[in-house]
Amino acid sequence: MKFVLRFPPRLPQALASLAVFVILLVALASVDQRVHDKCAELLSRGQNVESLANRASELVDTVATAVRYQSIENAPLVLFATVGGVLFLFMVRT
């Protein structure tokens, strides 16, 4: 008797999306010091849940600001990466 592990159909896609989000966050934290500081602040221990929610909200705001700034600063690279990502998705889907 073989044991077969079955995943829900959307689980691999959700895990891939989460992995891409984490990779982008790490890349952005390595480029932008503000994002790095907010990530370090979020991951520090000894705080209650309300404080964690506030720090997570501040991190999201900082990431949005950094993404906006980096995309304006590096517009050709952002365009190239976006087109490359779309082409990669078409390649993988077919």
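Read-outs: derived from the displayed coordinates by stated rules, not from any lab. As the structure is a prediction and not an experimental result, all values here were calculated from the model. Reconstructed Cβ throughout: ideal geometry from the backbone, glycine too, with neighbour counts over all protein chains shown.
First measure r as the distance between the Cβ atoms of residue 75 and residue 3, then evaluate 1/(1 + (r/R0)^6) with R0 = 41 Å and state the FRET efficiency to the nearest 0.05.
About 0.20, to the nearest 0.05.
Computing log10 I(q)/I(0) by the Debye sum over Cα atoms at q = 0.13, 0.14 Å⁻¹ for the structure here picks out one of [x] -0.85, -0.89; [y] -0.65, -0.72; [z] -0.40, -0.46, namely [y].
For residue 67 and residue 43, the FRET efficiency from 1/(1 + (r/R0)^6), where r spans their Cβ atoms and R0 equals 25 Å, is about 0.80.
If I take every Cα pair under 8 Å that is 6 or more residues apart in segment 1-77, average their sequence separation and divide by the length, what percent do I get for the relative contact order? Don't jump to the answer; show the numbers that get you there.
Details: 26 pairs, mean separation 21.5, N = 77.
Reported relative contact order: 28 percent.
Quick check for me: using +1 on Lys/Arg Cβ and -1 on Asp/Glu Cβ, what's the dipole size of segment 22-93 about its Cα centre, in debye to the nearest 20? Display every interim value, and only then the final one.
Values: 6 positive and 7 negative charges, 47 e Å.
The dipole of segment 22-93 has a size of about 220 debye.
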